[in-house]
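Only one structure is covered here, and it is reproduced in the block below.
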Amino acid sequence: MKILHILAGERFGGAEVAFIDMCKAMYEAGWDLEVATRYDDVRVTVLREAGIKVHVLPFRRFFDWRTSREINKIIKKFQPEIVQTWREAAARVVRRWSSEMGVPRYTIVSRFGGYYKIKNFSKTDYFIAITPDIKRYLSEECGIQEEKVYHINSFTDVHTSVQNKEIVPVSRAYYGVPENATLCLALGVLHDNKGFDTLIWAISQLPDVYLWIAGEGEEHKALKNIVKLLNLESRVTLLGWRTDRAALFAAADICVVPSRDEPFGSAFIQAWAYKTPLIATESKGPRQYVHDGEDSLVVPVDDTRILAQAIEHLAEDKALQNRFVETGYECYLHEFTKEKILAEYYEFYNAIKAKKEN
């Protein structure tokens, strides 16, 4: 089966990471695929180094006739059976199949990693919702027929040596973290929705706790100013965008997902996969999967006092940490492994292929 994945893409973001992970996973599994994306040195380099054919296109915001024309040329030459779009910009530039195109019929699939405006997906044939609530949104609020919407979780691409404990942790000493101190880790785009400011304020209440935030984005300067205001330069480090997730988790004691508004939020899966005790807020995405007291501590959104108490409590309770690690890892194995998600995509693609043939 031939698949064309299309993502305009920003430089940093969860969808961009998921796009790379999914394309690599499908290609490594022997699937025949090509990729069209906006240029980004990291994304394009990683995909090409994996052996994937990457078409670099402009994806301009307005009147982007060139990208649409180039997509048509790619489709004519590659002749995909599935064209999968990621986010709005990609969905807008794809042409609905017609017999006059002179290519075999293809099906347009759009992956919904958030609550996107449905008007941008008028040419989509089928939808993949990465959470149950996004599936509900598409069916109930957007009026998409239920048989056109499939729920398939996202996954996190775990370093293959995690089971063998071969990962070399990022040096805590390099960033001034004492050996016996508690180190929290948070990851994601530096956006107001992520709630990293709340987490920094919570850390200010815990004099013996350190924090790494791995990510980049528009809130970088604002977060840096909060760190300075609270005199936390020695305990809170903004690491920038990182590609060494496994090494970061290996160094950390607790993963915190402090989001205000999170459609999904893959950091909680990474915490489970890398066996790191988890604290998450009641934001919509993670709350569909995490269970307070079983695989994580779940705290209210934007409550610095309760978040600080949760960090302190978990840091002091080794038995609770071990329980969260064990239960969280089982959740990861049951719901979010690369192998499971690839199998579900394979079943989905074949199901819509059978419908097309009938």
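The values are calculated or read from the model by the stated rules, or taken from the named source; none is laboratory data. Owing to the predicted nature of the structure, the values given are computational and were not obtained by experimental measurement. Cβ: placed from backbone, ideal geometry, glycine included. Neighbour counts: every protein chain shown.
I'd like to know if segment 48-65 contains one or more residues that are within 23 Å of Gly114 (Cβ to Cβ), under 18 Å from the mean Cα position of the chain (by Cα) and buried (at least 17 other Cβ atoms within 10 Å of the Cβ). Within segment 48-65, not a single residue is within 23 Å of Gly114 (Cβ to Cβ), under 18 Å from the mean Cα position of the chain (by Cα) and buried (at least 17 other Cβ atoms within 10 Å of the Cβ).
Checking each residue in segment 1-16 for being over 18 Å from Ile74 (Cα atoms) and touching a Ser or Thr at 6+ places or on another chain (Cβ under 7 Å) picks out Gly9, Gly14. The residues in segment 322-332 that are surrounded by 14 or more Cβ atoms within 10 Å (Cβ to Cβ) and free of Cβ contacts under 8 Å to residues at least 60 places away in the same chain can be counted, and the count is 7.
If you check Arg66, Arg95 for being touching a Lys or Arg at 6+ places or on another chain (Cβ under 8 Å), more than 29 Å from Thr337 (Cα to Cα), outside any helix (DSSP H, G or I) and among the charged types (D, E, K, R), only one passes: Arg95. A count restricted to segment 281-304 and to residues that are touching a residue at least 60 places away in the same chain (Cβ under 8 Å), more than 17 Å from Asp192 (Cα to Cα) and more than 18 Å from the chain's Cα centre (by Cα) stands at 0. I'm checking my understanding of the structure. Among residues of segment 120-145 that are part of a loop (DSSP other than H, G, I, E, B) and among the aliphatic types (A, V, I, L, M), which one is farthest from Arg96 (Cα to Cα)? Step by step, filter segment 120-145, then rank; the result is Ile130.
Once segment 8-25 is narrowed to residues that are over 14 Å from the mean Cα position of the chain (by Cα) and aliphatic (A, V, I, L, M), the residue that is surrounded by the most Cβ atoms within 10 Å (Cβ to Cβ) is Ala8.
Looking only at residues of segment 26-43 that are aliphatic (A, V, I, L, M) and surrounded by fewer than 19 Cβ atoms within 10 Å (Cβ to Cβ), we find that the one that is farthest from the chain's Cα centre (by Cα) is Ala29.
When the helices (runs of 4 or more DSSP H) confined to segment 162-271 are screened for residues that are more than 30 Å from Leu333 (Cα to Cα) and either among the hydrophobic types (A, V, I, L, M, F, W, C) or not assigned by TED's automatic domain parsing to the domain that holds Glu282 (or both), those reaching at least 1 such residues are found at 196-203, 220-229.
Within the set Val227, Val177, Val236, Val209, the sole residue that is farther than 22 Å from Ala250 by Cβ, more than 19 Å from the chain's Cα centre (by Cα), crowded, with 21+ Cβ neighbours inside 10 Å and touching a residue at least 12 places away in the same chain (Cβ under 8 Å) turns out to be Val227. For first residues located in segment 333-358 and under 19 Å from Glu28 (Cβ atoms) and of a type outside the set (A, V, I, L, M, F, W, C), partners that are outside any helix (DSSP H, G or I) and at pLDDT below 95 and lie 6+ apart or on another chain with Cβ distances below 7 Å form the pairs Thr337/Phe155; Lys338/Phe155; Lys338/Asp157; Tyr349/Met1.
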